[in-house]
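Visitor: Following this message is one structure expressed as C-alpha cells.
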Amino acid sequence: MYPRSFFLLTFAAVALACSSAPDESSGPTSGSGGSSGTPASSSGTPTSGVSSSTGDDFGTITGGNASAGAGGAGGSECKSVLDVTYRDFKETHPDFEMANFRGDVVRRQLIKPTLDGDLKPQFLDSVGCFADMETPLGCRDGVGNQKTITSEESFNQWYRDTAGVNMTFTKELALAESPPGSGQYAFESSEFFPLAPEEGFGITPPNNGKRQNFLFTTEIHLMFGYVAGQKFTFIGDDDIWIFINGKLALDLGSMHGPETGIIDFDAQAQDLGIYPGNSYAMDIFHAERHTDGSNFRIETNISCFVPVDVPL
C-alpha cells in the first residue's frame with residue numbers, strides 16, 4: 001500500500017487542478033439522488049481500486065455542474081466511472097448459497113463500524129440484529145436465530161484474495177447522468193452479473209435457472225469532495241456496507257430482497273466527522289450470496305470520484 005503522505009500529495013495535486021475552473025462566488029448546490037439511471041456495462045479494462053480517510057482540505061470544491069461536479073475533486077483522475085474489484089466464489093463456501101438459510105430481512109451489526117488496517121470490513125457477529133429501515137444504521141426490537149455469516153474466518157475471505165476459495169477480477173462500473181444536465185448520476189441493473197458465465201468458477205451454482213454466474217463480492221475504494229446537499233442511494237441485494245471517512249455510513253447486511261438505503265451526508269456529517277469543502281474516502285463492500293435475483297442500483301448527485309488502491 002502506498003504511504004499515506006504520497007497518496008495525499010497526489011490527491012491534492014488532482015484536486016487543485018480544478019480549483020481555478022469553478023466560479024467560487026457560487027455556493028454549494030444541493031440535490032438528492034432520485035432520478036432513474038441507464039444500465040451500463042459492468043465489463044471493462046482491468047484496474048485496481050486504496051482508500052485513505054482524511055478531512056484535509058484539498059482545494060476549492062464547488063457544487064452544481066462545475067468541473068468539480070456536485071462534489072468531487074476535478075482533474076484528469078476525476079471521473080464517474082468506478083474501478084471495481086469482483087471476487088467469484090463457489091457454492092461450497094459456507095457463506096454463499098447457504099443450504100439452511102436463504103435470508104430474511106436486512107440484518108445490522110454483522111460487522112464492526114470501522115475498517116481494519118488494510119481498509120477491509122471487520123467481522124462482528126454471525127446473527128446481527130433486525131434493521132430499523134427508517135435509519136441508516138439502527139436496529140429494531142427482535143433478533144434472528146439463524147446465522148447469516150458462518151464465522152470470522154469465513155467472512156475474512158470475502159474481500160481478500162484467497163487461493164482456491166475465490167478468483168479476482170478488476171473491471172469498471174459507469175455512472176450515467178440521467179437525464180443529461182440534471183446532476184444526478186446512476187447505475188441500475190436488475191440482472192447484475194458482472195462476471196460472465198465463462199469467467200471465474202463459471203455458472204454458480206451450476207443448477208441455477210438463469211444460467212448466470214452468481215455468488216460474488218464487490219469492492220470499491222474512492223475519494224470524493226463533500227459538498228452540502230449530497231446524497232448517495234443504494235438499492236439492491238444482498239449485503240451492502242458503505243464507509244465514509246473510515247466510518248460505517250450505510251448497513252444493509254445479510255441476504256434479503258432488494259432494499260433501499262440512503263446516505264444523507266449533511267444529516268450524518270457529525271457522526272461521520274466530515275465537513276463541506278473537504279475530501280474523504282468512500283469504501284463500498286457488496287456481496288451477491290444467493291439465487292435467484294441480483295439487483296444493483298446506485299443513485300447520487302456526486303459527479304466525480306478519484307480511485308485509490310488497497311491491498312488485494
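Residues checked against (1) surrounded by fewer than 13 Cβ atoms within 10 Å (Cβ to Cβ); (2) aromatic (Phe, Trp, Tyr):
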{"site": "98", "(1), (2)": "no, no"}
{"site": "101", "(1), (2)": "no, yes"}
{"site": "110", "(1), (2)": "no, no"}
{"site": "156", "(1), (2)": "no, no"}
{"site": "162", "(1), (2)": "no, no"}
{"site": "194", "(1), (2)": "no, no"}
{"site": "198", "(1), (2)": "yes, no"}
{"site": "204", "(1), (2)": "no, no"}
{"site": "210", "(1), (2)": "no, no"}
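Visitor: Mind checking whether some residue in region 282-297 is out of contact with any helix residue (DSSP H, G or I) (no Cβ under 6 Å at 6 or more places or on another chain), in a loop (DSSP other than H, G, I, E, B) and crowded, with 21+ Cβ neighbours inside 10 Å?
Guide: Looking only at region 282-297, we keep the residues that are out of contact with any helix residue (DSSP H, G or I) (no Cβ under 6 Å at 6 or more places or on another chain), and these are 282-297.
Among the residues that remain, those that are also in a loop (DSSP other than H, G, I, E, B) are: 289-293, 295.
Those left that are additionally crowded, with 21+ Cβ neighbours inside 10 Å: 289-290.
So far as region 282-297 goes, yes, one or more of its residues are out of contact with any helix residue (DSSP H, G or I) (no Cβ under 6 Å at 6 or more places or on another chain), in a loop (DSSP other than H, G, I, E, B) and crowded, with 21+ Cβ neighbours inside 10 Å.
Visitor: Kindly list, by first and then second residue, each pair from a residue in region 138-163 that is over 17 Å from residue 108 (Cα atoms) to a residue that is of a type in the set (A, V, I, L, M) and assigned to a loop (DSSP other than H, G, I, E, B), limited to pairs with Cβ atoms under 6 Å and residues at least 6 apart or on different chains.
Guide: Short answer, once both residue conditions are applied: 157/165; 161/312.
Visitor: Next question, about the same structure. Looking only at region 217-225, decide whether some residue is surrounded by 16 or more Cβ atoms within 10 Å (Cβ to Cβ) and out of contact with any Phe, Trp or Tyr (no Cβ under 9 Å at 6 or more places or on another chain). Talk me through it step by step, then tell me what you get.
Guide: Of all residues in region 217-225, those surrounded by 16 or more Cβ atoms within 10 Å (Cβ to Cβ) come to 217-225.
Filter once more, so that each one left must be out of contact with any Phe, Trp or Tyr (no Cβ under 9 Å at 6 or more places or on another chain): 221.
Yes, some residue in region 217-225 is surrounded by 16 or more Cβ atoms within 10 Å (Cβ to Cβ) and out of contact with any Phe, Trp or Tyr (no Cβ under 9 Å at 6 or more places or on another chain).
Visitor: Which number in (1) closer than 21 Å to residue 300 by Cα; (2) at pLDDT 95 or above marks the one condition that residue 53 misses?
Guide: (2)
Visitor: Would you point out which residue out of 193, 201, 169 is more than 20 Å from the chain's Cα centre (by Cα), at pLDDT 95 or above and closer than 20 Å to residue 92 by Cβ?
Guide: 201
Visitor: Cβ-Cβ under 7 Å, sequence separation 6+ or interchain: first residue in region 73-89 and small (Gly, Ala, Ser), partner surrounded by fewer than 21 Cβ atoms within 10 Å (Cβ to Cβ) and at pLDDT below 95. Which pairs?
Guide: 73/14; 74/17; 74/21; 74/67; 75/14; 75/17
Visitor: Of everything in region 256-281, what is assigned to a loop (DSSP other than H, G, I, E, B) and open to solvent by less than 70 Å² (accessible area, probe 1.4 Å)? Give them in sequence order.
Guide: 256, 257, 273, 274, 277, 278, listed by residue number.
Visitor: Here are the criteria: (1) surrounded by 23 or more Cβ atoms within 10 Å (Cβ to Cβ); (2) at pLDDT 95 or above. Tell me which single one residue 188 does not satisfy.
Guide: Result: residue 188 fails condition (1) only.
Visitor: From the list 60, 92, which residue is assigned to a loop (DSSP other than H, G, I, E, B), β-branched (Val, Ile, Thr), open to solvent by 30 Å² or more (accessible area, probe 1.4 Å) and at pLDDT below 85?
Guide: On the way: 92 fails: at pLDDT below 85.
Going through 60, 92 in turn, the sole match is 60.
The values are calculated or read from the model by the stated rules, or taken from the named source; none is laboratory data. Everything numeric here is computed off the predicted structure, so don't read it as measured data. Virtual Cβ from ideal backbone geometry, glycine too; neighbours counted across all protein chains shown. Accessible surface is based on the protein model in full, side chains and every heavy atom, while ligands, DNA and RNA are left aside. Shrake-Rupley method; radii C 1.70, N 1.55, O 1.52, S 1.80 Å.
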